[in-house]
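Chemist: Pasting in a structure now, in structure tokens, and then I'll have a few things to ask.
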């Protein structure tokens, strides 16, 4: 049936066999349904190993040209792949789930997306999402800035801009950093599509699968996702009233040589904690001693409701160990998707290389409009408004908790930021409370989401900035009802209804 | 010096030794400058292998507690890591370049970023960047849309939106797709921060290191970067006047089982080519037969200057093999950073999972404003303007080429899109021409950038949409001067001045 093979050729023998048989099928000499010779027989007649013929048949099978039927042999099963013959080829849908790369289950957890979707539910009081008060958004002023830059600079600003960011915006961010005690230059600033992109770019640039990364316990769930997606092995370090326990960290660093330390030192998410000045210095010292970079995430530092917090780690960093990440999502509005990083030049350059193929650069209109908005002095005025309003809401939440939740829950009293961090007593679990809360139309985030180590089952995070005082009071009243119902259920030894919980977190 | 070791302990012997010595250093019993016992001697006294002691000393060295001096021994070199002792620890800058993960040299090539930076040079005529005509930007109308949505929906639109995109925008994109012959639903659409983000999310979701990915030769350089960054092995398939050579592709698919086929079937970047309807059907047939997904990138399909091109591959796809990617960067303006993908639900879900930790969601103001702009009918009107103006510019470039470049270069005459694809004759190299062109203050993109296989040294891409007719004429005149100078240089056997080339691409 086949011509003799060329054993001198660069083309492997099995491919020569495959090609000859394919040609016979394509030419019609081997018609649909024809049986190929048994492998052993063909191998003998060609003077090759049976494996060689077997490989050729496998190739043909993979191409869909032949199929083997157990106990019967191998048969021509499809006509040639030219457009004329499409009718004969039965089309099959692509099984997409077999084509995706592996992704850790923890990363696939749609928690954040579901939290975001939650915001659109009208009848639910959300104490879950970490977003600012929408009714305080300085929309009129932002619209003025947007309109002004569009009409004055439209042709330039709707163009591409450098991957690192619009130059005037980087200048303005330098001044913003100076106001937080950080002396830097525009060349050390990278503009980001929200600080979440900073977490992702840093993870992609510093972390390889298996690399240990230190995180606080608890910590921001979006950061945990970004690190897990890069394959990080998360090492949780506990916190006390002064912040991250540097004594525990030191033992961990000596043993595990982490690739990165991630910390939210100021009004930590979710705990609300503030790292003391001494602890900041100790952390920086350890980083230098073990040559480990620190990623300082600071979304909330400007939102203090009493004495200002200690200066950022970055302001203490003389040797380029600290990457300082911040955002406008908490002090302005989240939809604008603008964050920024202060970092040594090699880091800015490297992250820009990755950002180049990730999204080329961030939205230019938002960068120009925000530059104008900040230069008008309106950001500073807006933050002053927030510093007046948010402590009232915090107090409203504390008062409501005292009033409606007489037992079963303890909470902290944070001096800034967005969150109360609460713990259920007596072995109650926050996911069970959430199931009851969903029935009462109030939502929060369960503590597990913030725990790299799988703890936090009795914890929950309550946001006090998104709802106004009335919404907070009603939300906590409903939470009290939910807790009462949970306690009643427990006394009755009935399992809570859990099926309602999924959609709301 | 040391206590005897516990050989029953779970703690390895070398760590027991390290810990004991560390305690002695930390307590001050081993002062700064003290010499540790020679490894062999300590091993003998403890009854362990010398390697065990050596490992312990290495740990202490890595911690910065001791250092070994060749021929002298190992000495205590730093005091304990408490804040009290910071003065004694000499701070060192972090060597960042040792901390980054590996990144292919090809990906680090800052070509696109430098192209973008080029746009800001005033005295350079850029025929390089692939951007639309800025003076045609519908700024007044876009400003109206932006202002309207901000004032009408500010509180809602500056919030977070779902990762998949603003619902009304996804609805509108469904209609846009229908206008291109693609029947789909909002659930099958993913909003992106530019189509570059689509390339990155798809690469991260479908490609593992070493996976073969088919690309056209030449192809879009931003896609090559995204695939290379994911570790893809790029397989280049040549094109002819009907587009991608499906006969070559078939052999390649049988042999390499690619993970993905990437194609720009309509007004291809950079070649300007259009895949014939028959070739589109053959490609889709091969994808189904070998069960390989196709990524169809279609930034230019609406920009035809004669008869409309064949329908998108996606419009022929009944089995969910095609991911259809498009953008507003070419038909509106690039600074808005909005692209979109039409894909089967499992792909939208999976990519949204990745986008969630990449940037959470895309800029909401841009999504709302563009929804309004499209619903007003202004996008359609703008595209009609572009279809009138761009063929004039294309003709101006063709005329100028005929006039100013009598020899040494051949070019195509594309029927749509943004680019002329040119080839130097007689062994001339486009990077040498670029060096001369930089001196004449005109820029283009060298062909190598678009070649997955390292070819294209004699090719160059000229954009005819960014400059007006006058700019095009002057730019081509300068290019003619550059080519004349290059030919003269070659006759004189002098190397061209190359140092000027770097900044302009």
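Read-outs throughout are calculated quantities, based only on the coordinates presented, and are distinct from any laboratory measurement. Small disclaimer: the values here were computed from a predicted structure and weren't measured. Here the Cβ positions follow ideal geometry from the backbone for every residue, glycine too, while neighbour counts run over all protein chains shown.
Chemist: To the nearest 0.05, what FRET efficiency results for residue A:492 and residue B:100 with a Förster distance of 56 Å applied to their C-beta separation?
Modeler: 0.45
Chemist: Here's something else I'd like to know. So which residue of A has the beta-carbon closest to the axis that swings A onto B, and how many whole Å away?
Modeler: Residue and rounded Å distance to the axis: A:363, 2.
Chemist: If you don't mind, another one. Say each of residue B:148 and residue B:376 gets a label point 7 Å from the Cα, pointing the same way as Cα to Cβ; how far apart are those two points in nm?
Modeler: Distance between label points: 0.5 nm.
Chemist: Moving on to the next point. Between the helical axis of B:378-404 and the dominant principal axis of chain B, each derived from Cα atoms, what acute angle in degrees is found, rounded to the nearest 10?
Modeler: That helix lies at roughly 90 degrees to the long axis.
Chemist: Now a separate question. Any chance you could give the angle, 0 to 90 degrees and rounded to 10, that helix B:345-358 forms with the longest Cα principal axis of chain B?
Modeler: Result, in degrees: 50.
Chemist: Please compute the alpha carbon radius of gyration of the protein assembly as shown, then divide it by the globular-protein estimate 2.2 N^0.38 Å. Two decimals is fine.
Modeler: In units of the 2.2 N^0.38 Å rule of thumb, it is 1.05.
Chemist: Let me know the whole percent of all Cα-Cα pairs from segment A:249-375 that are separated by more than 16 Å.
Modeler: For segment A:249-375, the share of Cα pairs beyond 16 Å comes to 68 percent.
Chemist: In addition: Before rounding to the nearest 500, sum -39500 (n - 2.57) across all DSSP H runs of length at least 4 in the protein assembly as shown and divide by the residue total; then give [θ] at 222 nm in deg cm²/dmol.
Modeler: Per the formula, -13500 deg cm²/dmol.
Chemist: Compute and list, largest first, the equivalent-ellipsoid semi-axes of chain A from the alpha carbon gyration tensor, each √(5λ) rounded to a whole angstrom.
Modeler: After diagonalising the Cα gyration tensor, the semi-axes are 55, 31, 25 Å.
Chemist: Could you tell me, in Å, what Rg and Dmax come out for the Cα atoms of segment B:188-320?
Modeler: Computed over the Cα atoms of segment B:188-320, radius of gyration and Dmax are 13.9, 42 Å.
Chemist: So, one more: Quick one: order A:253, B:124 by neighbouring beta-carbon count within 10 Å, fewest to most. Write out the running numbers ahead of the final one.
Modeler: Values: A:253 24, B:124 20.
Listed from fewest to most nearby Cβ atoms, that is B:124, A:253.
Chemist: Once the convex hull of the C-alpha atoms of segment A:374-505 is built, how many Å³ does it hold per residue, rounded to a whole number?
Modeler: 127
Chemist: Mind putting together the pair-distance distribution for segment A:138-377? All Cα pairs, 5 Å bins, whole percent per bin, short to long.
Modeler: With 5 Å bins starting at 0, P(r) equals 1, 6, 14, 18, 20, 16, 11, 7, 4, 2, 1, 0.
Chemist: Which FRET efficiency value, to the nearest 0.05, do you get for residue B:481 and residue B:135 by plugging their Cβ-Cβ distance into 1/(1 + (r/R0)^6) with R0 = 35 Å?
Modeler: Once rounded, the FRET efficiency stands at 0.85.
Chemist: For the Cα atoms of chain A, what angle does the longest principal axis make with the long axis of helix A:13-27, in degrees from 0 to 90, nearest 10?
Modeler: Rounded to the nearest ten degrees, it is 80.
Chemist: Among DSSP bridges having both ends in segment A:138-377, what percentage is antiparallel? Round to the nearest 5.
Modeler: Details: 10 of 26 bridges.
Roughly 40 percent of the DSSP beta bridges within segment A:138-377 come out antiparallel.
Chemist: Sorted from fewest to most neighbouring beta carbons within 10 Å, what does the list A:77, A:422, B:403 look like?
Modeler: Numbers: A:77 17, A:422 22, B:403 12.
Exposure proxy ranking, most exposed first: B:403, A:77, A:422.
Chemist: In whole angstrom, how far apart do the alpha carbon centroids of segment A:1-22 and segment B:231-246 sit?
Modeler: Here the answer is 26 Å between Cα centres.
Chemist: Another question, if that's okay. In nm, to one decimal, how far is the residue A:208 label point from the residue A:281 one, both placed 7 Å along Cα→Cβ?
Modeler: Calculated label separation equals 3.7 nm.
Chemist: Can you list, shortest first and in nm, the gaps between the label point of residue A:412 and those of its counterparts in the other copies, using a point 7 Å from Cα in the C-beta direction?
Modeler: Copy-to-copy label distances at residue A:412, shortest first: 6.1 nm.
Chemist: Considering only DSSP beta bridges whose two residues both sit in the protein assembly as shown, what percent are antiparallel, to the nearest 5?
Modeler: Numbers: 52 of 88 bridges.
Just about 60 percent of them are antiparallel.
Chemist: Fewest to most neighbouring Cβ within 10 Å: what's the order for A:332, B:424?
Modeler: Working: A:332 24, B:424 20.
Ascending Cβ contact count within 10 Å gives the list B:424, A:332.
Chemist: Another question about this same structure. Report relative contact order for segment A:138-377 in percent, whole number only (criteria: Cα-Cα under 8 Å, sequence separation at least 6).
Modeler: Once normalised by length, the contact order is 29 percent.
Chemist: I would also like to ask the following. Once you put a point 7 Å from the Cα of residue A:44 and another 7 Å from the Cα of residue A:185, both along the Cβ direction, what distance in nm separates them?
Modeler: Using points 7 Å along Cα→Cβ, the separation is 8.2 nm.
Chemist: Just how far, in whole angstrom, is segment B:376-419 from segment A:341-417 if you go by their alpha carbon centroids?
Modeler: Centre-to-centre distance over Cα atoms comes out at 47 Å.
Chemist: Then there's this: Could you pull the copy-to-copy label distances for residue A:468, with points set 7 Å along Cα to Cβ, in nm to one decimal and sorted shortest first?
Modeler: 5.2
Chemist: While we're here: If the label for residue A:185 sits 7 angstrom from Cα along the Cα-to-Cβ line, what are its distances to the same label in every other copy, in nm to one decimal, shortest first?
Modeler: Those label-point separations list as 5.6 nm.
Chemist: Which percent, to the nearest 5, of DSSP beta bridges fully inside chain A are antiparallel?
Modeler: Of all bridge pairs located within chain A, approximately 60 percent are antiparallel.
Chemist: If I stretch the segment between residue A:19 and residue A:247 completely, what's the gain in nm (0.36 nm per residue apart, minus their alpha carbon distance), one decimal?
Modeler: Net length gain for the segment: 75.3 nm.
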